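Encoded as structure tokens, the structure appears first; notes follow it.
The values are calculated or read from the model by the stated rules, or taken from the named source; none is laboratory data. Predicted model, so just to flag it, every value in this text is computed and none were measured. Every residue, glycine as well, gets a Cβ built from its backbone with ideal geometry; the counts of neighbours run over all protein chains shown.
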Amino acid sequence: MAKFKLSKGDVEKGKVKAVKVGQEEVAVYHTEADEWFATSDICTHEQCNLSYEGGKLQGHEIECDCHGSKFDIRTGAVILPPAMEPLKTFKVQTEGENVLIEE
Ligand code: FES
């Protein structure tokens, strides 16, 4: 199973960082409330990167910069079209200063 480890200091609160987990492009979210989540970084509408320029994260919603689709980063569910398909989600664990993402 592919894993990726980063340090908590690598992603500011309210921002999104792109990492590679195995072959997958993954967006790692650090919320203002100091929670961590991870989904596919690729929008299911037309494949734009959700992490573009630090991402447009508000609470638990990520907005795609291309055409405005919104997803819930906790479940990957679509909140606002034009995207119709949910995002794949990844497991995130925090251990001390580290954040571990698993496929
Ligand atoms: S590519 Fe994301 S909304 Fe179109």
Could you tell me which numbered condition Ala2 fails, if it satisfies all but one of (1) within 16 Å of the ligand (Cβ to nearest atom); (2) in contact with a Gly (Cβ under 7 Å, 6 or more places away or on another chain)? (1)
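Out of the strands (runs of 3 or more DSSP E) lying entirely within segment 1-60, which hold 3 or more residues that are surrounded by fewer than 19 Cβ atoms within 10 Å (Cβ to Cβ)?
On the way: elements: 3-7, 15-21, 24-30, 36-40, 56-58.
In segment 1-60, 3-7, 15-21 are the strands (runs of 3 or more DSSP E) which contain 3 or more residues that are surrounded by fewer than 19 Cβ atoms within 10 Å (Cβ to Cβ).
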Within segment 55-97, how many residues are in contact (Cβ under 8 Å) with a residue 40 or more places away in the chain and not hydrophobic (A, V, I, L, M, F, W, C)? 8
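Pick out the one residue from Ile42, Ile73 that is closer than 17 Å to Ala2 by Cβ, within 13 Å of the chain's Cα centre (by Cα) and within 15 Å of the ligand (Cβ to nearest atom). Spell out the reasoning first.
Values: Ile73 fails: closer than 17 Å to Ala2 by Cβ.
Every option except Ile42 fails the conditions.
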Where the second residue is part of a strand (DSSP E or B) and of a type in the set (S, T, N, Q) and the first is farther than 14 Å from Thr75 by Cα and modelled with pLDDT under 95 and lies in segment 32-50, which pairs have Cβ atoms under 9 Å and are six or more apart or on separate chains? none
Go through segment 61-70 and give me each residue that's near the ligand (Cβ under 8 Å from one of its atoms) and either buried (at least 18 other Cβ atoms within 10 Å of the Cβ) or among the small types (Gly, Ala, Ser) (or both). Cys64, Gly68, Ser69
